[in-house]
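Below: the structure, in structure tokens.
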Amino acid sequence: MKSYYKVLSSSMFSLILLSSGISGVQAAEQTQSQVNGSVVAIDNSGVQTGAAQEQTPILVDQASIPAVIQAMTLDEKVDLIGGAGASVTGAAGGTFAIPRLGIPKLTFADGPAGLRFGSTANKSTTGFPIPSALSASFNKELMYQVSSAMGKETLDYGVDVILGPALNIHRDPRGGRNFEYYSEDPLLSGEMAAEFTKGVQDQGVGVSMKHYAANNQETNRQSVNEVISERALREIYLAGFERVVKEANPWTVMSSYNSINGPFSAHNSWLLNDVLRSDWGFNGMVMTDWGGSKQNGIAMLNGGNDLSMPSLNAVGKAAVKAAILDGTLQEEKLDTAIENILNLVVKSPTFKKLSTVDDAKQSVSADLAATNAKLSREAAPEGMVLLKNENKALPFSGTVKKVGIVGNSYTMPSCGFGTPASACTTDNAASKMFLMGTGSAYVTPTHTVQLPEGLKNGGYIPVNTNASGAEINENLTAKDAAYMAQNSDIGVIVIARGSGEGADGNSTTFEPSEKESELIKKVSDAYHAVNKKVVVVLNVGAPFNTVSWRDSVDSILLSWQPGMEAGNALTDVLSGKANPSGKLPATFPVKLVDSPSYANFPSSDGNPNLVNYKEDIYVGYRYYSTFNVKPAYEFGYGLSYTTFDYSDFKLNKDNLSNKIKVQFKVTNSGSLAGKEAPQLYVSAPDGKLEKPAIELKAFGKTRELKPGQKETFNFFIDPKDIASFDESTSSWIVEKGTYQFKIGASSSDIRGTLNFKVDKDIIAEVVNDNGPDVQLETLSKYNQ
Ligand code: BGC
């Protein structure tokens, strides 16, 4: 500790202050640099003081934190646990600065699809495809590249922490923020979020993994209590977060708004202290979601949440102070929070001077903007999912020159804060697709490319007018459709739904409207009458009903909200310049009512603030596969312009004790180059615990394979990977019996099966036994 108290002569210190004309933390920082990292004593005004006060320490590194905490007044401590605005206009928030102790302000900005500043801030960044689209790529390397690009932009703007990845589970197709999250599966979510974390943090800036946990709906998100069994929490809703903590060590975590089995997440000591910190070893800082502490600083500190964002109000602060003074709240709890906050500060680019803030800056640096726009364009096709492609309607044949394009009108139920209203409406989706989601995931893009422009860039002629030259949309007449069909070589219909924070979907977001159904019918009839093909592009952020109309069109391409380069990326895919290689990260059900959560979303028992997670562990494909409910398109599904063969399935042993290696080959057996995303599922035997029919345990993505080329995959699986959570012993167990590895191109298209045995029960991990006591009748294979 001694080295933090190096004292300069007062004349030297005054000289520095005079020459710099600055004070406080800046003076202290300059002084440090003059003396090789050692520190001087300063008072509030930055002036060196007498012998007794010469011992005021300042923050220089992690080792200096205890001394700094000791030097803090109670008021300063209480100030530091509340956010205090950002240094960059338009960023979501920042921390409190204490210049006399060398503690600078940090800035946090959203979010998961690119760095976000409020739309009035006039700061543009790269708009990447939405997270569901990135996860549909099943490509971890791509995710890393995209998040590295986001991390570079974060640093470029002088922001310290990007508020993502967001990895709540797609519990129900109506979840309003599903677009911002990765998947219905915790492994896919966790792996993608871990790559996001590594990519960002490798640039020297932090992430905030959010929303921990179970923020799976927007309806009453601030007040809803979710009743979830510990098994479903551990296996489904927490498992992705666990993976990120263990694989990628996120600097911060954001607790969610909702409560889980009683307490709000920000006040939930089991969730934050027992699970996150103790079971998983998280050693970073926890912040609330914006307003998530409910201004109850005492409950927040008791719950293990360090920082209240965007602030802790005067009443909240006074209550913490009073509780410490009267002994009802231990000061150590406050000190622990301060320590976690300061640990973040010393890692931050602001503290390390890796970045500076120039608030006049309106765009990321030109070279970064160009590189990242290219990456955004290349990333989108990897996540686009080809749902149908009859008679090879796609890619466009060589004779296609004129492309008829038409789309629907749609205005989002909630636009989301900070999003310009223009980004929340389409009046003809084909010329105004939704490029991204809204709310805190909205990015003010450096530029945008809509479909007509993309087609032109690709050498095509977009045709979207009727005989009188007016732009057509879902109100087109049969005559307009016939005119289009005559005057173009192929028809493209864009059906769009916006996605945003603040509202859940409903049947109108899932079902096509009457007008949309008519649009699809009229256009298909007109093109088919003249022997031309029709493609539907689904510009959506969550599952959409295709069953009522899919037979009338030739191809269906799920483009998602593909980012600011949408028009170029779509043209790349339609033309065949890029081969779509996405697979569904969530099941597309036949009907909304098929979803296992249907009856308990967004509330239960007529109580708007209660949700019973009765489907338990049977979320998404775990449900459809176990209970034999046929979806429209299953989890992991996605076609390609080429075909792939799977072969040479091998296990290195047929008995699992510690690690087992699964090997197989994927060969491009078609005639075009492409990428494939193979998936490994396990079918575990029932024992003391019942098991879903299949569970994803590993996945990969080939490099681009030319026809005839192959790639070998080796997946290593250890007991924890295939263990189930046993509430009665608070442990992860692998029960004895015969297991199957199923390797496939989707969750139903299984190409190879390998059996292995577990001779005796294996306890893979024991966790703390403070779990919630949940009284809930849950779905079971045995009591249907
Ligand atoms: C959202 C968070 C976001 C925060 C700051 C909240 O409304 O739930 O995801 O990071 O705002 O913008």
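The values are calculated or read from the model by the stated rules, or taken from the named source; none is laboratory data. Because the structure is a prediction, the values reported are computed rather than measured. In this analysis, Cβ positions are derived from the backbone assuming ideal geometry, glycine residues included, and neighbour counts consider all displayed protein chains.
Observations, loosely collected:
- The stretch 102-126, residues that are surrounded by fewer than 22 Cβ atoms within 10 Å (Cβ to Cβ) and of a type in the set (A, V, I, L, M, F, W, C): A121
- Looking at T107, T95, just one residue is closer than 24 Å to K347 by Cβ, under 21 Å from the mean Cα position of the chain (by Cα) and polar (S, T, N, Q), and that residue is T107.
- Residues in the stretch 286-298 that are more than 9 Å from the ligand (Cβ to nearest atom) and under 19 Å from the mean Cα position of the chain (by Cα): V286, M287, T288.
- Lone unmet requirement of (1) more than 27 Å from M143 (Cβ to Cβ); (2) at pLDDT 95 or above for K675: (1)
- Within the stretch 229-263, the set of residues being surrounded by fewer than 24 Cβ atoms within 10 Å (Cβ to Cβ) and in a loop (DSSP other than H, G, I, E, B) comprises S229, N249, W251, Y257, N261, G262, P263.
- No other residue among E184, E226, E191, E218 is part of a loop (DSSP other than H, G, I, E, B) and away from the ligand (no atom under 15 Å from the Cβ) apart from E184.
- Within the stretch 146-166, the set of residues being under 23 Å from P104 (Cα atoms) and hydroxyl-bearing (S, T, Y) comprises T154, Y157.
- Any chance K401 is in the same structural domain as K533 (by TED's automatic domain parsing), under 30 Å from E141 (Cα atoms) and surrounded by fewer than 15 Cβ atoms within 10 Å (Cβ to Cβ): no
- Within the stretch 390-438, the set of residues being closer than 22 Å to G454 by Cβ, over 25 Å from the mean Cα position of the chain (by Cα) and either acidic (D, E) or within 16 Å of the ligand (Cβ to nearest atom) (or both) comprises just one member, D427.
- Subset of the stretch 448-494 (residues that are in contact with a helix residue (DSSP H, G or I) (Cβ under 8 Å, 6 or more places away or on another chain), farther than 30 Å from F128 by Cα and among the hydrophobic types (A, V, I, L, M, F, W, C)): A467, L476, A478, A481, A482, M484, A485
- Residue match in the stretch 539-546 (condition: part of a strand (DSSP E or B) and touching a strand residue (DSSP E or B) at 6+ places or on another chain (Cβ under 9 Å)): yes
- Test: L80 is crowded, with 24+ Cβ neighbours inside 10 Å and within 15 Å of the ligand (Cβ to nearest atom): no
- Among the strands (runs of 3 or more DSSP E) confined to the stretch 609-671, the ones with at least 1 residues that are farther than 18 Å from S683 by Cβ and in contact with a Lys or Arg (Cβ under 6 Å, 6 or more places away or on another chain) are located at 644-651, 660-668.
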